[in-house]
Amino acid sequence: MGQQKFSLADAVYGFLGHIFPSCSDALKLVEKGQNKPLKWHEKFALKYNSPLCLHCNCNREKFDKEYEKLKAIESNRSKN
């Protein structure tokens, strides 16, 4: 297996991801929330990252579909 290179651009976008909403963080939190209840700080991070990338709509369709699943799962959890 080859190693993935980590460029300066990756570092910059990684840093900006902590400041600006990002696709990868939002999708990870949605998938995590489907498996187990999110903690309050994770819910806050999901709300913060839900607009996804401001520069593109790269994962908007997938995010919307997975977020709907998450809301249905959370609704079932709260009923129990």
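The values are calculated or read from the model by the stated rules, or taken from the named source; none is laboratory data. The structure displayed is predicted, hence computed values, not measured ones. Backbone-built Cβ (ideal geometry, glycine too); neighbour counts: all protein chains shown.
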Could you list, in sequence order, all residues of segment 64-78 that are under 10 Å from residue 31 (Cβ atoms) and surrounded by 15 or more Cβ atoms within 10 Å (Cβ to Cβ)?
66, 70
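Table: residues versus (1) at pLDDT 75 or above; (2) touching a Cys at 6+ places or on another chain (Cβ under 7 Å).
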{"residue": "9", "(1), (2)": "no, no"}
{"residue": "52", "(1), (2)": "no, yes"}
{"residue": "60", "(1), (2)": "yes, no"}
{"residue": "78", "(1), (2)": "yes, no"}
